[in-house]
Amino acid sequence: MAISSTLRSMGLIGRCFVHPIFDYLVIGGGLSLIVIPAVYLLADPPVMRDFTMLPWFILCSNSAHFAASTVRLYTKPGSRDALPFLTMVFPTVTLGVLTLCMFEADVIGRYVQLIYLSWSPYHYAAQAYGLAVMYCVRSGCELTQNQKRFLWWIAILPFFKVLLVATSKHVVAWHIPEQLVWSQVDWRGGVNLVTEVLGVLAMALPLVLFAQVWLTNRRSMPLISLLVIMTNGVWFVVFPLIDGFVWTTIFHGIQYLAIVMIFHVRDRVARPENKRGVVFHTICFYGMCLVLGYALFNCLPYGYQMLGFGAAESVLLVIAAINIHHFIVDGYIWKLGRGDANRRVVETVAIGTGA
C-alpha cells in the first residue's frame, strides 16, 4: 500500500529536470501566480502604470530568451549538419528581408508587425503544449494521439481569445479599419461572449483532460503539465490584453530560458572532454544570451538608424524580425526525435534528485 501510494505521488509530481520546486515555479509558471498578485496588491504605483523598471526585466528575460534560441541552435550537438539552411543561410535571409522591409516600411511595415503580434500568442501556446507533452514523456505518461490532439486545442484557446479581443490582430482588420469592422454590424456583444466562453474553457478543459487521462490510462498526467497549460491561460484570460502581454513576455522568457539552459548544460556536461561543472556552463550560456539579446534589440536598430532609416521603423521592424526568426528556429530545435540530443536530455534523470 505504501509503495502504491508513493508511486501515485511520483506520478502526480512527474519527473522533474532539476527539483519539483524549481520546475513547478519557473518552468511550470507557478512563480507568476505568486508574483503577479503580489505586484498588484503591494506595488505603488501599480507596475502596469510605471514602466521605469520594465526595460531591465525585458532585457534579462525576454531579450535574452530570444537570443537563447539562436545560441541553442549553434551549440546543440549535430544541429549544423542536420539543419544547414537554418544555421548557415537563414540568418542572412532574415537580415536581407528585414533590410528590404526598411525601404518600404510605410507600405509593408504594418503587416510585418501584424504577423509577429498575431504569431506571439500562438507561439506561447505552442510552447505550453510542448512543455506539457515533454513532461508527460519524461514521466512515462504516454498520451494517445486523441489526447495529444485534445491537449493541443486546449493549449491554443488563449490564442483564439487574443485574436478576438484584439481586432487589430484579426485577419479582417488587416484590410478593414477597426472602426469600420464594428460600425457596420453590432456584433461586439457576440464577440465578447465568445471570448468569455473561450476563457472559461481554457481554464476548465485542462482539468477535464487530466481526469480523462487518469481514468483511461490508469495513471495521471504530471501536475506540471496541467500547470504549464493553465498558467499560459491565466496570463491571457484573467488580465486585460496589454497586462497579459506584459506578464506573458516576462514569464514566458523566464520559462524558456530555464528549460533551454537545462538542455544546453546537460549536453555540455555529457561531453567526454568536459571538465567544467553545471554552474560554469549555466553562467556562460546565460551570459551569451544576455550579450546577444542586447546586441539584437539595442544595437541592431541603431545600426539601421546610422544607415539613414528612421528610429521608429528601425526599432519596430527589428523587433518583428527577431520575433519571427525566433518562432521559426524554435520549430526546429525542440524536436524530440529518436536519437536526437533533446530526446536524450528528456529521458535522463533529474539533476541532484535521482528521480
Practice problem: Looking only at region 235-243, decide whether some residue is without any contact (Cβ under 8 Å) to a residue 24 or more places away in the chain, among the aliphatic types (A, V, I, L, M) and assigned to a helix (DSSP H, G or I). | Solution: no
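Being loosely packed, with under 14 Cβ neighbours inside 10 Å, modelled with pLDDT under 90, not β-branched (V, I, T) and not in a loop (DSSP other than H, G, I, E, B) is the requirement here; does G189 meet it?
Working: loosely packed, with under 14 Cβ neighbours inside 10 Å: yes; modelled with pLDDT under 90: yes; not β-branched (V, I, T): yes; not in a loop (DSSP other than H, G, I, E, B): yes.
When the stated conditions are applied, G189 passes them.
Considering only residues of region 34-50 that are in contact with a helix residue (DSSP H, G or I) (Cβ under 9 Å, 6 or more places away or on another chain) and at pLDDT below 65, which is surrounded by the fewest Cβ atoms within 10 Å (Cβ to Cβ)? Give the derivation first.
Initial filter on region 34-50 (in contact with a helix residue (DSSP H, G or I) (Cβ under 9 Å, 6 or more places away or on another chain)): 34-36, 39-40, 46-48.
Add one more test, that the residue is at pLDDT below 65, and what stays is 46-48.
On the way: P46: 12, V47: 20, M48: 16.
The residue in question is P46.
When you go through L296, L300, L257 one by one, which is the residue that is free of Cβ contacts under 8 Å to residues at least 40 places away in the same chain and in a helix (DSSP H, G or I)? Explain how you work it out, then say what you get.
Values: L296 fails: free of Cβ contacts under 8 Å to residues at least 40 places away in the same chain; L257 fails: free of Cβ contacts under 8 Å to residues at least 40 places away in the same chain.
The unique qualifying residue is L300.
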Condition met for L98 (surrounded by fewer than 19 Cβ atoms within 10 Å (Cβ to Cβ) and either touching a helix residue (DSSP H, G or I) at 6+ places or on another chain (Cβ under 8 Å) or farther than 18 Å from V315 by Cβ (or both)): no
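Out of everything in region 192-219 that is closer than 30 Å to F17 by Cα and at pLDDT below 85, what residue ends up being farthest from the chain's Cα centre (by Cα)? Don't jump to the end; show me each part of the working.
Initial filter on region 192-219 (closer than 30 Å to F17 by Cα): 201-219.
From the residues that got through so far, the ones that are at pLDDT below 85 too are 217-219.
Values: N217: 28, R218: 31, R219: 28 Å.
Checked region 192-219; the qualifying residue farthest from the chain's Cα centre (by Cα) is R218.
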Taking region 242-298 and keeping residues closer than 17 Å to Y74 by Cβ, among the β-branched types (V, I, T) and surrounded by 17 or more Cβ atoms within 10 Å (Cβ to Cβ) leaves V260, V265
Of the conditions (1) part of a helix (DSSP H, G or I); (2) in contact (Cβ under 8 Å) with a residue 60 or more places away in the chain, the single one that D81 does not satisfy is (2)
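Checking the condition surrounded by 16 or more Cβ atoms within 10 Å (Cβ to Cβ) and at pLDDT below 85, which residue from C16, C60 passes?
Working: C16 fails: at pLDDT below 85.
Sole residue among the options that is surrounded by 16 or more Cβ atoms within 10 Å (Cβ to Cβ) and at pLDDT below 85: C60.
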Every listed condition ((1) in contact with a helix residue (DSSP H, G or I) (Cβ under 8 Å, 6 or more places away or on another chain); (2) over 24 Å from R219 (Cα atoms)) holds for R110 save (1)
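The values are calculated or read from the model by the stated rules, or taken from the named source; none is laboratory data. Computed from a prediction, not measured in an experiment: that's the story for all the values here. All Cβ positions, even for glycine, are placed from backbone atoms using ideal geometry, and neighbour counts span all protein chains on display.
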